[in-house]
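What follows is a single structure, written as structure tokens, with notes after it.
The values are calculated or read from the model by the stated rules, or taken from the named source; none is laboratory data. None of these values were measured; they are calculated from a predicted model. Here Cβ is always computed from backbone atoms with ideal geometry, including for glycine, and neighbour counts include all displayed protein chains. Remember, those area values only see protein heavy atoms, side chains included, never the ligands or the DNA or RNA. Shrake-Rupley method; radii C 1.70, N 1.55, O 1.52, S 1.80 Å.
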Amino acid sequence: MAIIVQNDAGTVANANSYADTNFVDDYFSLRGESTWTALSTQNKEIALIKAWQYIDTAFNFQGYQKTDAQNTTFPRLGVYSQRGTELSDVETNIKNAQAEYALISLTTDFTINQVPSVTSLLKKESRKADVLSESLEYDTDRGQVIKFSFPKADFWLKEFLRGNTFKGYY
């Protein structure tokens, strides 16, 4: 399956990527990342599709899709930089993030079927210093939280997030 790159207008039907392989090749070439450059075009495209899918499902972004018909999260309207500039295109930072997640996808399966870490929400914590004891109570009624964290890739998305929140759970 070949990648279909979304444009800044949001009008590409069945798009499954924000960046093409040339963009990502240049991105990693500038950073001296040889793992990416050694891949076949087909494997690069597979990784880019996985990264696009992760971006579009794992985060809670500001604003709303630019068109009603688009199948991608970006481009969006109502997204503003810290300086107040509207970020209504498929911005370079989105493509950079997709590049990083594509590289991560070569060694990490961040699909729903994988459970990298599971924790219950802490309900109550108490400590007694005089007898050196600790008590933790977890809220098992509210379910479990599964969170992925990829700081290098997540960095590129921070200004697009609603309230700077990460929805890295399923």
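For region 9-20, the count of residues that are in contact with a strand residue (DSSP E or B) (Cβ under 6 Å, 6 or more places away or on another chain), within 21 Å of E159 (Cα to Cα) and not hydrophobic (A, V, I, L, M, F, W, C) is at least one.
Among the criteria (1) exposed (fewer than 13 other Cβ atoms within 10 Å of the Cβ); (2) modelled with pLDDT under 70; (3) within 30 Å of L30 (Cβ to Cβ), the one P151 does not fulfil is (2). Residues that are in contact (Cβ under 8 Å) with a residue 12 or more places away in the chain, under 18 Å from E91 (Cα atoms) and open to solvent by 60 Å² or more (accessible area, probe 1.4 Å) within region 11-22 comprise T11, D20, listed in sequence order. Can D8 be described as open to solvent by 60 Å² or more (accessible area, probe 1.4 Å), in contact (Cβ under 8 Å) with a residue 60 or more places away in the chain and among the charged types (D, E, K, R)? Considered against the rule, which asks whether it is open to solvent by 60 Å² or more (accessible area, probe 1.4 Å), in contact (Cβ under 8 Å) with a residue 60 or more places away in the chain and among the charged types (D, E, K, R), D8 comes out as yes.
Table: residues versus (1) open to solvent by less than 20 Å² (accessible area, probe 1.4 Å); (2) charged (D, E, K, R); (3) assigned to a helix (DSSP H, G or I).
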residue	(1), (2), (3)
D56	no, yes, yes
T67	no, no, no
Q82	no, no, no
D89	no, yes, no
N96	yes, no, yes
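Residues in region 30-43 that are in a helix (DSSP H, G or I), closer than 22 Å to I4 by Cβ and open to solvent by 20 Å² or more (accessible area, probe 1.4 Å): T41, Q42, N43. Every listed requirement among (1) of a type in the set (G, A, S); (2) outside any helix (DSSP H, G or I); (3) surrounded by 19 or more Cβ atoms within 10 Å (Cβ to Cβ) is met by A51 save one, (2). Residues in region 7-21 that are closer than 15 Å to A97 by Cα and either modelled with pLDDT under 95 or polar (S, T, N, Q) (or both): 3 in all.
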